[in-house]
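For reference, the structure is listed below as structure tokens.
The values are calculated or read from the model by the stated rules, or taken from the named source; none is laboratory data. All values derive from a computational prediction rather than experimental measurement. In this analysis, Cβ positions are derived from the backbone assuming ideal geometry, glycine residues included, and neighbour counts consider all displayed protein chains.
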Amino acid sequence: MRIMECIGRVTLSRWEPSLTGASWKLAVPLLHAGLKGESEGRTEPIVIFDEMGAGNGSLMAVTESAEASTPFHPNTKPIDAYCAALLDTVSVI
């Protein structure tokens, strides 16, 4: 699981019917420096399946790969990244 910051949304013209009811967000994974608020602590953005309602600037706990579809077992969904939680604050030492 990684912490990511939502930077936008993705609009689809077609989608898999099992994905109806959620939205797709564009987010950047935050490295240690990014968690401290530094701009060089960001990496390339990815698209995330979001049922939590994240907005721009929201911090998200994101599950990736095969684990991303685990919350939907036994009805798996064809996704690569899933927003598992919205984070209020993150403290970094």
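What about Gly21, is it among the small types (Gly, Ala, Ser) and either in contact (Cβ under 8 Å) with a residue 60 or more places away in the chain or in contact with a strand residue (DSSP E or B) (Cβ under 9 Å, 6 or more places away or on another chain) (or both)?
no
When segment 70-88 is examined, which residues are found to be of a type in the set (A, V, I, L, M, F, W, C) and either at pLDDT below 90 or exposed (fewer than 12 other Cβ atoms within 10 Å of the Cβ) (or both)?
Filtering segment 70-88 for residues of a type in the set (A, V, I, L, M, F, W, C) gives 72, 79, 81, 83-87.
Listed by number, the residues that qualify are Phe72, Ile79.
Listed here are the residues, each with its yes/no results for (1) at pLDDT 90 or above; (2) more than 12 Å from Ile3 (Cβ to Cβ); (3) part of a strand (DSSP E or B).
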| residue | (1), (2), (3) |
| --- | --- |
| Val28 | yes, no, yes |
| Ala33 | no, yes, no |
| Gly37 | no, yes, no |
| Val47 | yes, yes, yes |
| Gly53 | yes, yes, no |
| Gly57 | yes, yes, no |
| Met60 | yes, no, yes |
| Thr63 | yes, no, yes |
| Ala68 | no, yes, no |
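Has segment 2-22 got at least one residue that is modelled with pLDDT under 90, surrounded by 12 or more Cβ atoms within 10 Å (Cβ to Cβ) and small (Gly, Ala, Ser)?
yes
With (1) modelled with pLDDT under 90; (2) surrounded by 14 or more Cβ atoms within 10 Å (Cβ to Cβ); (3) farther than 18 Å from Leu31 by Cβ as the list, and Arg42 as the residue in question, which single condition is left unmet?
With respect to (1) modelled with pLDDT under 90; (2) surrounded by 14 or more Cβ atoms within 10 Å (Cβ to Cβ); (3) farther than 18 Å from Leu31 by Cβ, Arg42 is out only on (3).
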